[in-house]
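Single-structure report; data block below.
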Amino acid sequence: MADTHASKDQIPAEKLGDYEGRMQQFGDYYVNFETMPAGFPPSPELFKGLPDDACQAEHWGYVFKGKVSFRYTDGSEDIVSAGEAYYARPGHVFEALEDTETVEFSPKGEFDKTLEVVGKNLEDMDQS
């Protein structure tokens with residue numbers, strides 16, 4: 001696979017229940033094709049341990065289907081619907097308000113920190 005482009009079908013899927021993510025690194029960024037059920041993620045506890053218990057990476061994306069919410073630590077919220085592009089600034093948690101399909105771009109360094117904490121929290125949830 002080329003390291004500058006890929007189709008969704010070329011990227012291996014990672015699943016968590018009804019969630020499916022297909023993430024590929026391009027340079028210092030990730031592209032992530034996501035399919036999420038309404039109500040995903042299953043718990044805001046996934047972000048526990050990050051500064052302000054919120055994702056500190058910024059993301060740019062497009063919603064193909066459904067609707068998502070980004071709630072920020074300053075109390076504001078962005079609702080993004082199908083057909084809209086978005087920018088999610090650092091200090092957010094998200095939720096799929098409907099069954100949703102997106103493509104999202106994230107800087108690798110900060111998003112790796114988020115993924116490390118989320119992964120540990122998922123392991124802890126599975127063991128309890």
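Using a cutoff of 8 angstrom between alpha carbon atoms and counting only pairs six or more residues apart, the relative contact order for the chain works out to 29 percent. Accessible area of Met125 (1.4 Å probe, protein heavy atoms only, ligands and nucleic acids ignored): about 80 Å². When the solvent-accessible area of the stretch 4-128 is split by element, carbon and sulfur atoms take up 49 percent of it, the probe being 1.4 Å.
For the chain, a Gaussian network of Cα nodes joined below 10 Å ranks Asp74, Asp53, Asp18 by mean-square fluctuation, and the top entry is Asp74. Two numbers describe the Cα atoms of the chain: Rg and Dmax, which are 14.0, 42 Å.
The values are calculated or read from the model by the stated rules, or taken from the named source; none is laboratory data. As the structure is a computational prediction, the values presented were derived from the model and not from experiment. Note: areas computed on protein heavy atoms with side chains; ligands, DNA, RNA excluded. Shrake-Rupley method; radii C 1.70, N 1.55, O 1.52, S 1.80 Å.
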